[in-house]
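The values are calculated or read from the model by the stated rules, or taken from the named source; none is laboratory data. If you're wondering where the values come from, they're calculated on a predicted model, not measured in any experiment. Note: ideal-geometry Cβ built from the backbone for every residue, glycine included; neighbour counts use all protein chains shown. The accessibility values were calculated without ligands, DNA or RNA, using every heavy atom of the protein model including side chains. Shrake-Rupley method; radii C 1.70, N 1.55, O 1.52, S 1.80 Å.
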Amino acid sequence: MEQRHLGRTGLRVSRIGLGTLTWGRDTDEHDAADLLKTFWEAGGTLVDTADVYGGGEAEYVLGQLIEGLVPRRDLVIATKAGSVPDPDRRFDGSRGHLLSSLDASLARLGTDYVDLWQIHAFDPATPLDETLQALDIAVSSGRARYAGVAGFCGWQLAKAATWQLAAPGIRTRLASTQMEYSLLQRGIEREVLPAALDLGIGLLPSSPLGRGVLTGKYRHATPSDSRGASDHMAPFVAPYLDDAATRIVDAVTTAADGLAVTPLQIALAWVRDRPGVAAPVVGARNAQQLTAALSVEALSLPDEICQALDDVSAPVHRYPDQDWSTL
């Protein structure tokens, strides 16, 4: 698998990442082992997790598989901290909480460092410089090699990245930002992606297949074994089952038929090769699904197909994004 630099850093990652959102909950250790082995054998390196996935079980399962199944040195392990299961405070970006969470993550993962440590979300109740100082401490102490964020809007990302760049050699520059990005969700193109491109931050798209909808599996019905049929995941899929999404999925299916490939391959190749993207993070239920996603490695979309998909999925950005100078 082709390797890409993560933002303006020396860290290289596989251009498809493996997500672990369901590990330890819907994906047991046996299936996780099959997924990790399939990914590694295909040349994949970036494995993305978080301290809240499965209440910590995702990290634990991954830790159990490292070394025994896949050498630690062959993986780029990325985890996150900052989301908390507290209905009164969803995010905790305090230095104390973040560093304690990192130590707990390392214990579950069974490693003394992570390759990429990410702040899971912006915490408006904590000064941003305090949150970012946790990244500096993590890197300077050797517990993390690189640092990034997730879920930051455009101004939050630009502010955080600029703060870190203001003291080179003292503060750790942001290597990445993780945001949802797909043909069904192009909102980050308004401000987040331009900020990332300008500041040299690599984008790690989550849900690059539109929460599974872009595979075409929901065109006619909801499969009984799909996330859309699951009680706890159905609300996650529902927003992308409207008429606008249907038109985009139909266009993806038409393109797939024309190129004799699958809708999954079309949708994943589109987002993988967008400007600023380092590695879409794919969450598969089993090794068969993952193999289907990894088969996109050999596919590059013709310019005409990309343009047609751009047109049918174009988000509405008016003032101030369009040029209104003549009006």
(request) Calculate the translational D of the stretch 4-57 in whole µm² s⁻¹ from Stokes-Einstein, where the hydrodynamic radius comes from the Kirkwood formula applied to all Cα pairs, the temperature is 20 °C and the viscosity 1.002 mPa s. (result) 177 µm²/s
(message) From the P(r) of the stretch 209-327, could you give the percentage of C-alpha pairs in the tail past 17 Å?
(response) 61 percent
(request) Enumerate the calculated ³J(HN,Hα) couplings along the stretch 75-85 in order (Karplus 6.51 cos²θ - 1.76 cosθ + 1.60, θ = phi - 60°), each rounded to whole Hz, writing x wherever the residue is Gly or Pro. (result) 10, 10, 8, 10, 9, 9, 8, x, 7, 10, x
(request) Quick one: plug the Kirkwood hydrodynamic radius of the stretch 1-152 (C-alpha pairs) into Stokes-Einstein at 25 °C, 0.890 mPa s, and report D in µm²/s. (result) 157 µm²/s
(message) Just to be sure I understand the model, the point goes 7 Å from the Cα along the line to the Cβ. What's the resulting residue 29 to residue 155 distance in nm?
(response) 4.8 nm
(message) With a 10 Å cut-off between alpha carbons and a GNM built on the chain, which of 78, 107, 144 moves the most?
(response) 107
(message) Taking the full set of protein chains and a 1.4 angstrom probe, give the accessible area of residue 172 in square angstrom, rounded to the nearest 10.
(response) 20 Å²
(message) Rounded to the nearest percent, how much of the accessible area of the chain (1.4 Å probe, protein heavy atoms only) is carbon and sulfur?
(response) 51 percent
(request) Quickly work out the residue 303-to-residue 88 label distance, labels modelled 7 Å from Cα along the C-beta direction, and quote it in nm with one decimal. (result) 5.9 nm
(request) Taking only protein heavy atoms into account and a 1.4 Å probe, give the accessible area per residue of the stretch 1-146 in Å². (result) 41 Å²
(message) Applying a 10 Å radius around every beta-carbon, put 109-122, 297-310 in order of their mean neighbour count, most first.
(response) 109-122, 297-310
(request) Name the residue farthest towards the positive end of the dipole of the chain from the options 236, 280, 264, assuming +1 on Cβ of Lys and Arg, -1 on Cβ of Asp and Glu, about the Cα centre. (result) 280
(request) Filter the chymotrypsin sites (Phe, Trp or Tyr not before Pro) in the stretch 1-58 down to the DSSP loop ones having no more than 15 other Cβ atoms within 10 Å, then list what survives. (result) none
(message) At a 10 angstrom cut-off on C-beta neighbours, averaged per residue, how do the peptides 277-288, 261-272, 124-135, 233-244 rank from highest to lowest?
(response) 261-272, 277-288, 124-135, 233-244
(request) With just the Cα atoms of the chain, tell me how far they stretch along each of the three principal axes, in Å, largest first. (result) 59, 52, 40
(request) Would you mind counting up the charge near residue 268? Only other residues with Cβ under 12 Å from its Cβ, with Lys and Arg at +1 and Asp and Glu at -1. (result) +1
(message) At 222 nm, what value in deg cm²/dmol follows for the chain if DSSP H runs of at least 4 each add -39500 (n - 2.57) and the sum is divided by all its residues, to the nearest 500?
(response) -11000 deg cm²/dmol
(request) At a temperature of 20 °C and a viscosity of 1.002 mPa s, determine how fast the stretch 80-129 diffuses translationally according to Stokes-Einstein, using the Kirkwood radius over alpha-carbon pairs as Rh; express D in µm²/s, rounded to the nearest whole number. (result) 187 µm²/s
(request) Work out from phi, with θ = phi - 60° and the Karplus expression 6.51 cos²θ - 1.76 cosθ + 1.60, the ³J(HN,Hα) of each residue of the stretch 146-152, listed in order in whole Hz, and give x for Gly and Pro. (result) 9, 9, x, 9, 8, x, 8
(message) What whole-number distance in Å separates the alpha-carbon centres of the stretch 133-149 and the stretch 79-93?
(response) 18 Å
